Amino acid sequence: METDYRKMWEDLGINMEKHDQLLAVLPFVYRNVYLSQKNRPKAMEYYDFVVSGVHGIRVKELLDAKDAGKKVVAYFCLYVPEELVIASNAVLVGLCGGSNFTDQEAEEVLPRNICPLIKASYGFKAARICPYFQAADICVGETTCDGKKKMYELLSELCPTYTVEVPQKPDTEQARELFYREMMALKSKLEEITGHKITVQDLKKSIGIVNAKRAVLDQLISTRKAVPPPISGKDSLLVFQIAFYDDPQRFTQKTKELVEELQERIKNKVGVVDESAPRIMVSGCPMAIPNWKLHHIVESSGAVIVVEESCVGTRYTSMGQIDNSANTVEDLIRAISDAYLNIHCSCFTPNIGRVEDVVRLAKEFKVDGVIHYSLQTCHGYNIEAAKMEKSLKKINVPMLKIETDYSNEDVGQITTRVEAFLEMIRK
């Protein structure tokens, strides 16, 4: 029997009318995008289950944790280390907006032509529609773009908000020192919120938990090198999206089961597409639930996405396995801060690392083409597209630049452009 969470949502102060409208749309979209796929791995049933109760089961777990005395820390970006939050005895949950559902509320405060991710992130709190926002004791932001850091100033008027400064020139000694000090300051803030003093043992344990999660996601990424790939780009994207807010140890176990099934599929040459299907990399801006538009268009057009150079892809694991052998809190946090500067965000300058990542991944995954995905007014990624195209041209890999938002108004136009790109690749 399905659990009724309405009382829980009402107690959280959710705008029930708007929330009901959102939940009425999501199942239809999910069926059309995900459940319409053929030959999906059986282990994907877990992730289907998570989405089916996206505002119920996990939210209840967060509230149960709060009742047990824990704090809920919400974050927007990879530069807020999971290891530190877990070590503080808090529960971490990812926040981000992947829908234009709350644009009206957001535009009462924010500019209409601002990045849709920023608008949605603010809008879901302003409209009181997201139970994760409502359950959070604090939201932790970061300075990866001017729009986000100014939005966090406004968000702080709606809920407790803390912002981590991310250095823009990460290869320098001063940048590493700055980020280390930011991580030490975040540690102090988390200790203040939770009342729990972070110990060496806490950090060793939390680093181990997140290392295991990162390792299984790396294994998932590697399975997609197979020809044909054993999993669709859409399904892999969904796994990474859920990684931001599911319980980390449960998520690791369920994703391990998925990887084992995929490895068995590879042995038996079971794929989700024909071997001749064009292999595509998507590079650029992150995609938050329920932003599945581009992946759905590409894979409905006969191609398969085999890798994402994105925060919901290879950047999620780019900090690697963090060394937890040190025996002081300071040295363990230094290891964390150094590792996280290996995430090649477009906020960096000069961002040679991201260009090199894209070229390397194009070779490793034997891609036939790259789609550079940018959200509207995301200047960092939009401008970096020029460097990407130039570097990919040197290895004879074509690139298509797509700039879009969260609406469906440009689906026809994007479909036409993607189909033309794929036709060029096939020829």
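The values are calculated or read from the model by the stated rules, or taken from the named source; none is laboratory data. Keep in mind the model is a prediction, meaning the values are calculated, not measured. Here the Cβ is made from the backbone with ideal geometry for all residues, glycine too, and neighbour counts use every protein chain on show.
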Consider Ile395 carefully, then state whether it is within 29 Å of Val227 (Cβ to Cβ) and surrounded by fewer than 18 Cβ atoms within 10 Å (Cβ to Cβ).
yes
Checking the condition among the polar types (S, T, N, Q), touching a residue at least 60 places away in the same chain (Cβ under 8 Å), over 25 Å from Asn382 (Cβ atoms) and touching a Phe, Trp or Tyr at 6+ places or on another chain (Cβ under 9 Å), which residue from Ser337, Ser283 passes?
Ser337
Residues that are over 22 Å from His19 (Cβ atoms) and in a strand (DSSP E or B), drawn from the stretch 130-170:
Ile138, Val140, Gly141, Glu142, Thr161, Tyr162, Thr163, Val164
Given the conditions (1) crowded, with 19+ Cβ neighbours inside 10 Å; (2) assigned to a helix (DSSP H, G or I), report the number of the one that Ser374 does not fulfil.
(2)
Exception for Ser188 within (1) in a helix (DSSP H, G or I); (2) touching a residue at least 24 places away in the same chain (Cβ under 8 Å); (3) of a type in the set (Ser, Thr, Tyr) falls at (2)
Can you tell me which residue among Lys401, Lys363 is assigned to a helix (DSSP H, G or I), surrounded by fewer than 19 Cβ atoms within 10 Å (Cβ to Cβ) and at pLDDT 95 or above?
Lys363
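Yes or no, residue by residue, for (1) modelled with pLDDT of 95 or more; (2) crowded, with 18+ Cβ neighbours inside 10 Å; (3) touching a Pro at 6+ places or on another chain (Cβ under 8 Å):
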{"residue": "Leu117", "(1), (2), (3)": "yes, yes, yes"}
{"residue": "Ala126", "(1), (2), (3)": "yes, yes, no"}
{"residue": "Gln134", "(1), (2), (3)": "yes, yes, no"}
{"residue": "Lys148", "(1), (2), (3)": "yes, yes, no"}
{"residue": "Met151", "(1), (2), (3)": "yes, yes, no"}
{"residue": "Pro160", "(1), (2), (3)": "yes, no, no"}
{"residue": "Glu165", "(1), (2), (3)": "yes, no, no"}
{"residue": "Met184", "(1), (2), (3)": "yes, no, no"}
Only one of (1) closer than 30 Å to Glu182 by Cβ; (2) outside any helix (DSSP H, G or I); (3) in contact with a Ser or Thr (Cβ under 9 Å, 6 or more places away or on another chain) does not apply to Val85, and that is (2)
Pull up the stretch 176-210, narrow it to residues that are hydrophobic (A, V, I, L, M, F, W, C) and over 24 Å from the mean Cα position of the chain (by Cα), then point me to the one that is nearest to Thr143 (Cα to Cα).
Leu178
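Given the criteria under 19 Å from Ser222 (Cβ atoms) and part of a strand (DSSP E or B), does Val306 qualify?
Yes, satisfied.
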Output for Cβ contacts, cut-off 9 Å, separation at least six or different chains, first residue under 12 Å from Tyr162 (Cα atoms) in the stretch 118-143, second in a loop (DSSP other than H, G, I, E, B) and of a type in the set (Val, Ile, Thr), reads Val140/Val80; Gly141/Val80; Glu142/Val80; Glu142/Val166; Thr143/Val166
